[in-house]
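The values are calculated or read from the model by the stated rules, or taken from the named source; none is laboratory data. Keep in mind that what you see is a predicted model, and the values were worked out from it rather than measured. Every residue, glycine among them, receives a Cβ derived from its backbone with ideal geometry; neighbour counts consider all protein chains shown. Heads up: the accessible areas ignore ligands, DNA and RNA and are worked out on the full protein's heavy atoms, side chains in. Shrake-Rupley method; radii C 1.70, N 1.55, O 1.52, S 1.80 Å.
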Amino acid sequence: MPEISQTERASRMLHRAYECCLEYRHEFIMPEHLLLEMIEEYNFFSVLNIFYSPCQLKDQVKAYLEKVETMPPDTVYEPEASEQLTKVLEMAVVQVTLSNAEALDIPHLTKAILELEDSWAAYLLKKCLGKNENDFFCQLISTYELDDELCEEEEEENGMEPEVAWKRLVTCMNDHYKLQNPLIGREQELKRTIQVLCRKDKNNPLHVGEPGVGKTALVWGLVQMIEEGHVPERLKGSKVYKLDMGTLLAGTQYRGDFENRIKQIMDGVQAESSGQSDPMDLFPDYLTDDESDTTGATGNSIVYIDEIHTLVGAGATGDGAMDAANMLKPYLESGTIRFIGSTTYEEYNRHFARSKGMIRRFQQIDIGEPTIDEAKHILKQLQPIYEEFHHVKYDDDAIAFAVEASAKYVNDRFLPDKAIDLIDEAGAACEMKMEETKNVTKADIADVLAKTCKVDALAMAEEHDYERLETLPSRMLAQIYGQDEAIRQVVEAVQMSRAGLLDDNKPLASLLFVGPTGVGKTEVARVLAKELGIELIRFDMSEYTEKHAVAKLIGSPAGYVGYEDGGLLTDAIRKSPNAVLLLDEIEKAHQDIYNILLQVMDYARLTDNKGRKADFRNVVLIMTSNAGAQYASQSGIGFNSHVSRGEAMMKQVKKTFKPEFLNRLSGAVVFHDMDKEMATLILKKKLRELEAKLEAKNVKMTLTTEAFDHLLKEGFTPEYGAREMDRVIAQRLKPLLMREILFGCLKQGGEVTVTIDNRQFVIFK
């Protein structure tokens, strides 16, 4: 046999085969001795266990060895390698040479045994593997290669003896708890967790709560209590190991790699829980008499599985196949390992709830979102940590404001996580300033919130910006004429919201604008959004006249085309939660639209087809309608009629809309018909807009009184409102200016006067 190096474990196996031969008092060392010792090797045992029971194979090999003729009791002898074992070693060396391996290892010996002829070792091993022989061998190679890599990495990192293999696949939280933020509050949830862990059976807590409420922080708090000794005697000295699915799945190339790692970890943790140094001692066949009484005891190791729903289906290759969750069930049942899981309600219902066997083995503990006062207390305790990290000081009102503002304006996340994010980013922003004393103020928090969460600057304004709110009515009245009541209601809603006098569970305002066409209903919404500096979200309800079209607002039902796209309305509000929502010409939509809007106006919530909620608490909802406009002219018909035009419109509105819809409105505003005074103001505004465009071309236009009056006469029609004025300017005045600017006297700019001649507009310089 040519000279070739052997790995330490291969040499150990051959030496143990020699000792096994002596124990049985056999004359020759046979492949069966080697196979028996390899079964007891941890990695070989773990891989074989995927395909066949190692204990059964061991019993079969032992049964054969007991039939082999033994040496006389008093004979002193030295065992020699049998002819078949010599063949095993020769074939193993050939494999090492062909594979360019650095040293002979256990997989080479295993392959050589499988290739033997007329050997009980080969026969028994092939019989238990069946058609899985190649899969077993590939898995064996992968396992030993991974073990070598992990050992090398650990030796390079710390220059120490490598630890047990399974510990490289988990994180011991006891070693890192000092690096985490301390747990504040959650006394009841923590007490319940400890209580479940102290149970004899089904001692596995499952934390279920929304993202960001502190599920992981609760486990870190438990680890801290364990390390400080503030736990019952049963939990003292416990080790908490965090299982990461990403680490388990990384590098798993062959079928069985993933399962092998799971089993390797569980067996290792179970061995540590039982106080045994060798994971192989877990099995009854391998126990000595003085250790047998520890197997039924509840251990001290706890496995923490974050996002535990990922276990359900992980590693499965098809329906009914073994997944990670099923592999854990025996360990969950035994009680020697305690498990702590955490997941969200959505993932729990979608994935975890399908596994009834897993549910009954866990005790669910709900982790609710803390109240605003509780969140303030949490942030107060964390304040020194963030001050030290960012080298800043937080004002007391800044901490309180971070909690209150995040609770009000950040709708898709949960306390305390979203408030902690605010003070963290505000601290980072303040740290960048070139100032000696760096104080994080309420304004800094507001600035971060405005940038990251699209919260309008006006709503987050400081006290000195109240002047903007005070002048909001006058600024809007300067752009909208004759609709003072509508502007008053809209502005009052915004101001009351800023004063904190509105119901927090309703939109800022739910207004119905009723009136004839062209009097400024849509314009009020546009101007309001512009003055507040927030987005205008407009939906033309004439596009939703069909029943199925209305479903697009919250998303198509499952199974229909467009289900994956989500809802148009709900997605728009989630993207811009602070907005003016304009539903134009609401009466043209299908009746189902009113059912959708009921919960919006009542609870400021709307759920889409996927169960996600959109928050309307910071939305000004404006709906426009022409309903009843055609009946307004009937108000003055008859002798001694005292019915106003507005009352006539509202009477028809009450017939058009359902009582429950009207009852949820914060206001129904009747827009006045256009009169001559309003038309004059609107015409002047339109002309100012035209003059601004001409100014860009260096053209200055002047209208004579006659021309202005003629425009007003042609453009003022109560039936069509301001839109008729736009048409008159576009058809009568703009074409004259266009020809002069392109081809005439205004090519280089200049001043012109527009007058009227024989009912036609004319231009002269």
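Note on Glu27: accessible area is roughly 90 Å² with a 1.4 Å probe, heavy atoms of protein only. Rounded, prolate or oblate, given the Cα gyration tensor of the stretch 56-105, with a/c below 1.5 counting as rounded? Judged from the Cα gyration tensor, the stretch 56-105 comes out oblate (a/c at least 1.5, b/c at or above a/b). Sequentially through the stretch 88-99, phi angles give Karplus couplings (6.51, -1.76, 1.60; θ = phi - 60°) of 4, 5, 5, 5, 5, 5, 4, 5, 4, 5, 5, 8 Hz, Gly and Pro residues having no value and appearing as x. Extension gain, Met738 to Thr702: 0.36 nm times the residue separation minus the Cα-Cα distance gives 11.4 nm. Taking each of Lys686/Lys747; Lys408/Lys588; Lys329/Lys418; Lys451/Lys552 in turn, the alpha-carbon distance tops 27 angstrom for Lys408/Lys588; Lys329/Lys418; Lys451/Lys552. The length gained by stretching the chain between Glu751 and Glu388 to full extension, at 0.36 nm per residue less their Cα-Cα distance, is 124.0 nm. The chymotrypsin sites (Phe, Trp or Tyr not before Pro) of the stretch 58-130 that meet both conditions, a loop assignment by DSSP and at most 16 other Cβ atoms within 10 Å of the site Cβ, are Tyr77.
Are any of the pairs Lys506/Lys547; Lys178/Lys575; Lys87/Lys263 more than 32 Å apart by Cα-Cα distance, and if so, which? Exceeds cut-off: Lys178/Lys575; Lys87/Lys263.
Ranking of Tyr52, Tyr409 by solvent-accessible surface, largest first: Tyr52, Tyr409 (1.4 Å probe, protein heavy atoms only, all chains present). Among Trp220, Trp166, the sequence by solvent-accessible area, most first, with a 1.4 Å probe is Trp220, Trp166. Using the Karplus relation 6.51 cos²θ - 1.76 cosθ + 1.60 with θ = phi - 60°, the per-residue 3J(HN,Hα) values for the stretch 380-391 come to 4, 6, 7, 3, x, 5, 6, 5, 5, 5, 8, 6 Hz, with x marking Gly and Pro.
FRET efficiency for the Leu477 to Asn758 pair, using the beta carbon distance and R₀ = 51 Å, is estimated at 0.85. Specify whether the C-alpha gyration tensor of the stretch 25-98 places it in the rounded, prolate or oblate class, a ≥ b ≥ c being the square roots of the eigenvalues: rounded for a/c under 1.5, otherwise prolate if a/b is larger than b/c and oblate if not. In terms of gyration-tensor shape, oblate.
Given their separation in residues at 0.36 nm each and the Cα-Cα distance between them, Leu179 and Leu598 gain 145.9 nm when the chain is fully extended.
Note on the stretch 164-247: Cα convex hull, mean projected area over all directions, 6.6 nm².
Diagonalising the gyration tensor over the Cα atoms of the stretch 1-141 and scaling each eigenvalue by 5 before taking the square root yields semi-axes of 23, 19, 13 Å, largest first.
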